[in-house]
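The values are calculated or read from the model by the stated rules, or taken from the named source; none is laboratory data. Please read all numbers here as calculations on a predicted model, not as lab measurements. Here Cβ is always computed from backbone atoms with ideal geometry, including for glycine, and neighbour counts include all displayed protein chains. We work out accessible area using only protein heavy atoms, side chains counted, and drop any ligands, DNA or RNA first. Shrake-Rupley method; radii C 1.70, N 1.55, O 1.52, S 1.80 Å.
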Amino acid sequence: MARKCYGNLIGGRWLPARSGKTFLNRNPADPEDAIGEFQASGAEDVGLAVEAAAKAYRSWRAVPAPRRAEILFRTGELLLKRKEEFARQMTREMGKVLAEARGDVQEAIDTAFYMAGEGRRLFGQTTPSELPSKFAMSVRMPVGVCGMITPWNFPMAIPSWKLFPALVCGNVCVLKPAEDTPLSAIHLVETLMEAGLPDGVANIVTGFGPDAGAPLAAHPGVRAVSFTGSSEVGRLVGLTAAGEFKPCSLEMGGKNAMIVLEDANLDLALEGALWGAFGTTGQRCTATSRIILERGIADEFTRRLVQRAAALRVGNGLDESVEMGPQINLQQLETSERYTAIASREGAQLLTGGVRLGGELAKGFYFAPTVFTGVQPQMRIAREEVFGPLVSLIECDGFEQAVEIANGIDYGLSTALYSRDVNRALKAVRDLEAGITYINAPTIGAEVHLPFGGVKQTGNGHREGAGAIDFYTAWKSVYLDYSDRLQRAQIDTPD
Ligand code: UN1
């Protein structure tokens, strides 16, 4: 059967890359299964997409926001209809288990409905003027062409976090999805088009970071850049954007800690740990990768966690009984292998996993759920993001020390505390240096209508979700003087 070839979406047309180059997108559960051929785009393709977007901007920015929002609402309805179909194709493309792929599509649906509602808000302020017969207010303006670079771990949800708020605010977009998951991004934008989005308002350029992502961040016609991915690439994107003074939203790594105190509901903490550490095969920026255990419960918790981790059903995510799918590609699998070796060298003890899975699973990128104990806070395995199914157990002597360990890293995305003590819960909310803190729930599972993002090396101060409207608009202050005379602010003051 002929393999399907997908174009770039530029100005409403599906076009090949100017270079004629394409790449294959493969199923991580079985790399021999090719999802399709996609365009390996370069600067020229990015330039065409930016041009098409800039052209569409003239009319899109003039469409009333509630009308723009209706297109998002219809997109949400269409996604709901296609949820199962898109989820199945996402599992085949990305590897996450079907229940989670459905959740990924659902997150895009939630974002569509949330941002559709924003079309009738997009609030500014009115405020009294210091001068008589003068009216003062602020309104939100769109920023123009927005460049978006998205990762493979949430192939539909994360593009929706960026596209939908940008669009409702009146911006136009060029999206460069991860080369591992372009199809899910194409499904999302196709759905927007079907819902009535005019040509050129959302464009897709597929390909690799250095060839397609870098020129997108650098293009002078791109007025704002939003990136989700590693801190290493985020730094490059941020530096590039800074050169042109572009607003740039960076959402990067995590090394998320779950603290389990002696008074916790241990059964609950155990379920949370398994879900937080091995959900999405540990490939979430919010994944639980450190569990800080108060000494009194450490042995029991460790024993039970290892038993459950070792019993997880790993396999092809399309099989509904499977609990953990493969890693996205060979490089991620090798990163897990490398960090297993690093942790062992540093003196951590490997309790389960630490190996690539063989037998029937040998052809896919499968790594066993992996637990390390005896981890010290200064070890690399306790500080560096792995993005795989590896979790480090760190023992501590009480709440204060737990918080100190949790905060003692360069990242600050998500944190969790398991305890029944309300005072400690509130102290954790106050003291944990992170953009998200959960009490009695794992570090993953953020909802789309709250701010999403982190502090320290996780981000540069912007937020998605509830913060996205602020990123995709610029303030304009408006003064209306109806006094019919010159009034000089700061000078014509009452005596
Ligand atoms: C990510 O891993 O980049 O909170 C996003 C969560 C998901 C989003 C994760 N809703 O785990």
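Take segment 25-70, compute every pairwise Cα distance, and split them into 5 Å bins from 0; I just need the percent in each bin. Here the calculated profile for segment 25-70 is 5, 17, 12, 12, 11, 12, 15, 10, 6, 1. Projecting label points 7 angstrom from Cα along Cα→Cβ for HIS449 and ARG303 puts them 4.5 nm apart. The relative contact order of segment 350-468 comes to 17 percent, based on Cα pairs under 8 Å that sit 6 or more residues apart. Close amide H partners of THR415, meaning residues 5 or more places away or on another chain with modelled amide H under 5 Å apart, are ILE436, THR437, TYR438.
For a Förster distance of 30 Å, can you work out the FRET efficiency between the beta-carbons of MET193 and ARG18, rounded to the nearest 0.05? Taking R0 as 30 Å, the efficiency between MET193 and ARG18 is 0.85.
Please say if segment 1-104 is rounded, prolate or oblate, where rounded means a/c under 1.5 for a ≥ b ≥ c the square roots of the C-alpha gyration tensor eigenvalues, and otherwise the choice is prolate for a/b larger than b/c and oblate otherwise? Oblate, because a/c is 1.5 or more while a/b does not exceed b/c. If you take the Cα centroid of segment 32-62 and the Cα centroid of segment 74-128, the two points sit 21 Å apart.
Of the cross-linked pairs LYS21/LYS456; LYS4/LYS162; LYS83/LYS162, those separated by over 31 Å at the C-alpha level are LYS21/LYS456.
In Å, what Kirkwood hydrodynamic radius results for the chain from the alpha-carbon pair distances? Intermediate results must be reported in sequence, preceding the final value.
Working: mean 1/r = 0.0422 Å⁻¹.
Final number for the Kirkwood radius of the chain is 23.7 Å.
Normalising the Debye intensity of segment 256-439 to I(0), with uniform scatterers on Cα atoms only, and taking log10 at q = 0.11, 0.12, 0.18, 0.19 Å⁻¹ returns -0.43, -0.52, -1.14, -1.26. Is segment 87-151 rounded, prolate or oblate when judged by the Cα gyration tensor, a ≥ b ≥ c being the square roots of its eigenvalues, rounded requiring a/c under 1.5 and prolate requiring a/b larger than b/c? Because a/c hits 1.5 or more and a/b exceeds b/c, segment 87-151 counts as prolate.
Here the 3J(HN,Hα) profile of segment 201-217, calculated from phi with Karplus coefficients 6.51, -1.76 and 1.60 at θ = phi - 60°, is 6, 10, 10, 10, 10, 8, x, 9, x, x, 8, 10, x, 4, x, 5, 5 Hz, Gly and Pro shown as x.
Any idea what % of Cα-Cα pairs in segment 429-486 are farther than 12 Å?
Tail of the P(r) past 12 Å holds 76 percent of the pairs.
With Cα atoms defining each centre, segment 345-359 and segment 220-289 are spaced 24 Å apart in the structure. Over all other residues within a Cβ to Cβ distance under 9 Å of ILE469, the charged ones net out to 0, with Lys and Arg as +1 and Asp and Glu as -1. Multiplying the residue separation of LYS363 and ASP263 by 0.36 nm and subtracting their alpha-carbon distance yields 31.6 nm. Inter-label distance, ARG82 to ARG313: 3.0 nm, where each label sits 7 Å from its Cα along the C-beta direction. Cβ-Cβ distance of GLN378 and ALA466, R₀ of 41 Å, FRET efficiency by 1/(1 + (r/R0)^6): the value works out to about 0.70. Sorting 158-171, 80-93, 411-424, 269-282 by average packing, meaning the other beta carbons within 10 Å per residue, from highest down gives 158-171, 269-282, 411-424, 80-93. Answer rounded, prolate or oblate for segment 62-103, using the Cα gyration tensor with square roots of eigenvalues a ≥ b ≥ c: rounded when a/c is under 1.5, else prolate when a/b is larger than b/c, else oblate. Cα axes put segment 62-103 in the prolate bin.
For segment 230-358, the extents of the C-alpha atoms along the principal axes are 54, 38, 34 Å, listed from largest to smallest.
What does the charge count around PHE208 come to, taking other residues whose C-beta lies under 11 Å from its C-beta (Lys +1, Arg +1, Asp -1, Glu -1)?
My count for the surroundings of PHE208 gives -1.
The local environment of ARG303, defined by Cβ-Cβ distances under 14 Å, has a net charge of -2 under the rule Lys, Arg +1 and Asp, Glu -1.
Computed in the context of the full set of protein chains, the accessible area of segment 125-261 at 1.4 Å probe radius has 61% of its extent on carbon or sulfur. Summed over the residues of segment 256-439 and divided among them, the accessible surface reaches 40 Å² per residue at a probe radius of 1.4 Å. Does a label point 7 Å from the Cα of GLN487, set along Cα-to-beta-carbon, have any residues of segment 110-137 with amide nitrogen under 19 Å, and which are they? Hits in segment 110-137 for GLN487 at 19 Å: 125-137.
Test of understanding: what is the full-extension gain from GLU70 to ASP421, defined as 0.36 nm times their sequence separation minus their Cα-Cα distance?
Residue separation times 0.36 nm, minus the Cα-Cα distance, leaves 121.8 nm.
Across the protein chains, with a 1.4 Å probe defining accessible surface, the residues THR127, THR335, THR370 rank THR127, THR335, THR370 from largest area downward.
Across LEU305, LEU486, the residue with the most accessible area heads the list, and the full order at a 1.4 Å probe is LEU486, LEU305. Beta bridges from DSSP with both residues in the chain: antiparallel share about 45 percent, rounded to the nearest 5.
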